[in-house]
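Written out below as structure tokens is the structure these notes cover.
The values are calculated or read from the model by the stated rules, or taken from the named source; none is laboratory data. Predicted model only: the values in this text are computed from it and were never measured. No Cβ is skipped: glycine too gets one built from the backbone with ideal geometry, and neighbour counts run over all protein chains shown.
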Amino acid sequence: ASPQPLLSVQALEGWYGESHVLHGMTFDVASGEVVSLLGRNGAGKTTTLRAIIGVLGKRRGSVTCAGVETIGMPARSIARLGVGYVPEERGIFAGLSVQENLTLPPKLRPGGMDLEQIYRLFPNLKERARSPGTKLSGGEQQMLAIARILRTGSKLILLDEPTEGLAPVIVERIAEVIQRLKADGYTIILVEQNLRFAQSIAGRFVVVEQGRVVDAISNESGCRLHQLHAYLGV
Ligand code: ATP
């Protein structure tokens, strides 16, 4: 038998108020995998991440993390299981310095990276330690957002469009960071529109349409970019 997945999403339903958005999302993620959720705008990718971390108002079905059922748990308990979320809008404190952002809650928990480890992974954040968030480039903000989550000791990291609006050279830098995390045993679920980037780091694509999984594509045999593009309607 294959080992227990780190994350198992089964028949997940989700709503915004009366609006039924997730219709039986089902997929597993093994420990150490990098999986990219792929699909058109509005397919339900962000909503899936929000349902996993427990901030979607209404959800039903099953989401287990290391075998623990999280449906019905408050978001902070799910976070304590080691699930970290970096939202598309990044969620950093713009008025505070890099270092302050890294020492505020969510704070260092067992297994989390200390400042030294963070600065080794993100040398440019070290250089900018005293700069206010408002002075950071988009790429630096994204790195700071990821760094804040790494402080918490989460080993399952959900990234929502981490490369959005970033210059190609910074996108490459983010890819390197994710590869590093993968090598260190982190598990990553990624929502991404930049297919070239996703293809450079994901082991597998899960294709989402109208709130359900319609396909899964392994990236191991080098799937073709045009095949993935077809799923995005571009
Ligand atoms: P995108 O790339 O546009 O974020 P997505 O696949 O992540 O696409 P979701 O953001 O999960 O899609 O949206 C799924 C559906 O839920 C869409 O129809 C969207 O309009 C709807 N939706 C998203 N956020 C809300 C909200 N806060 N309230 C009501 N409906 C929402």
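Scanning for something of a type in the set (Gly, Ala, Ser) and under 27 Å from residue 33 (Cβ atoms), does the stretch 125-137 turn up at least one residue? Within the stretch 125-137 (the criterion being of a type in the set (Gly, Ala, Ser) and under 27 Å from residue 33 (Cβ atoms)), the answer is no, since none of the residues qualifies.
Selection of first residues in the stretch 35-54 that are more than 8 Å from the ligand (Cβ to nearest atom) and of second residues that are of a type in the set (Ser, Thr, Tyr), restricted to Cβ pairs under 6 Å at least 6 apart or on distinct chains, gives the following pairs, ordered by first then second residue: 38/231; 53/85.
Among helices (runs of 4 or more DSSP H) entirely within the stretch 51-138, having at least 2 residues that are under 19 Å from residue 28 (Cα atoms) singles out 75-80.
Here the strands (runs of 3 or more DSSP E) wholly within the stretch 163-233 that include at least 3 residues being of a type outside the set (Phe, Trp, Tyr) and away from the ligand (no atom under 15 Å from the Cβ) are 212-218. Being in contact with an Asp or Glu (Cβ under 6 Å, 6 or more places away or on another chain) and crowded, with 16+ Cβ neighbours inside 10 Å: is that true of residue 22 here? Yes; evaluated as a whole, the condition is true for this residue. Mind checking whether some residue in the stretch 79-89 is of a type in the set (D, E, K, R), free of Cβ contacts under 8 Å to residues at least 12 places away in the same chain and within 15 Å of residue 146 (Cα to Cα)? There is at least one residue in the stretch 79-89 that is of a type in the set (D, E, K, R), free of Cβ contacts under 8 Å to residues at least 12 places away in the same chain and within 15 Å of residue 146 (Cα to Cα). Within the stretch 8-19, can one find any residue that is within 15 Å of the ligand (Cβ to nearest atom), under 17 Å from the mean Cα position of the chain (by Cα) and at pLDDT 95 or above? Yes, that holds for at least one residue. Within the stretch 90-119, the only residue that satisfies the criterion of being in contact with an Asp or Glu (Cβ under 8 Å, 6 or more places away or on another chain) and either closer than 12 Å to residue 151 by Cβ or free of Cβ contacts under 8 Å to residues at least 12 places away in the same chain (or both) is 108. Against the conditions (1) at pLDDT 95 or above; (2) over 17 Å from residue 35 (Cα atoms), residue 141 satisfies every one except (1). Among the criteria (1) in a strand (DSSP E or B); (2) touching a Lys or Arg at 6+ places or on another chain (Cβ under 9 Å), the one residue 21 does not fulfil is (2).
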